[in-house]
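Here the structure is laid out as structure tokens; the discussion comes afterwards.
The values are calculated or read from the model by the stated rules, or taken from the named source; none is laboratory data. Since this is a predicted model, take the numbers as computed values, not measurements. Positions of Cβ are generated from backbone atoms using ideal geometry, with glycine treated the same way; all protein chains shown enter the neighbour counts. Just the protein is used for accessible areas: all its heavy atoms, side chains included, with ligands, DNA and RNA removed. Shrake-Rupley method; radii C 1.70, N 1.55, O 1.52, S 1.80 Å.
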Amino acid sequence: MIDLRRTEKRKIKHYVRRATADDVVIMQAFFDKEARKKQFYPCYDFSLIGTDNDYYRDIRLSDFFLAFESNGDRQNLIGMTGLWDQKNFKQTRIAGYANGMQYIRPFYNLYTKIFGGLSLPPAGALTSYLYLHSTVIANNEPETFADLVAFARRELKNTRYDALVFGFDVNDPLHAVADKYKKVELFSRHFLTSYGEDPASELDSDRIMYLETSRL
């Protein structure tokens, strides 16, 4: 979970823009080609975005950011990610603060306003954050993903959102992009469940896990 309030200072190297309906075909082809290089990637049909299909609920095509080669070839897609506001169906509410944290909160929030970081909402309030999802990068290149994150942060500046949430396998090079920002980091373990025989032997242990935080 990275801060959105601090000014983005990264100089974006690639050509990045929002997606349009004309991009669905190249987005689908790019996702199908690159996502399968990691394990457990979700299935996506980009033509269903904007329909009443619950799998794509509140996902908007215009909230996808596309990165293209910076050499003038703006048809060569090399990275994509999307924003997803799930507040209509999944919320996080602050029930309260233990001990003296409610008294410390205003001073802590003043500190984050000056030096950056994630503020603490008042008790009873909903947290305000967005997910990054469907993140696929050609050759898993961190610099491309860093450009997409920088573009997203600039697009979200002065909005009602305080933070951006995304996640990766700890062995994924894209994970390191978050280190450049004020962040709150959580670690988790993932378990495989099946009927009958253990399917672990059928998995490719050399492939990085695709972690879609927005669907956990």
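Residues considered: L110, L83, L126, L132. Of these, the only one that is under 27 Å from F65 (Cα atoms), surrounded by fewer than 17 Cβ atoms within 10 Å (Cβ to Cβ) and aliphatic (A, V, I, L, M) is L126. Among the candidates V170, V136, the residue that is of a type outside the set (F, W, Y), assigned to a loop (DSSP other than H, G, I, E, B) and either in contact (Cβ under 8 Å) with a residue 60 or more places away in the chain or over 30 Å from F107 (Cα atoms) (or both) is uniquely V170.
Residues P122, P142: which one is farther than 26 Å from P42 by Cα and either touching a Gly at 6+ places or on another chain (Cβ under 9 Å) or touching a residue at least 24 places away in the same chain (Cβ under 8 Å) (or both)? Within the list P122, P142, the selection yields P122. D85 fulfils the conditions (1) in contact (Cβ under 8 Å) with a residue 24 or more places away in the chain; (2) closer than 22 Å to K37 by Cβ except for a single criterion, (2). Please tell me if K11 is open to solvent by 80 Å² or more (accessible area, probe 1.4 Å), part of a helix (DSSP H, G or I) and basic (K, R). It is false that K11 is open to solvent by 80 Å² or more (accessible area, probe 1.4 Å), part of a helix (DSSP H, G or I) and basic (K, R).
Residues in the range 21-46 that are in contact with a strand residue (DSSP E or B) (Cβ under 9 Å, 6 or more places away or on another chain) and either closer than 14 Å to L77 by Cα or among the β-branched types (V, I, T) (or both): D23, I26, M27, A29, F30, F31, K33, E34, A35.
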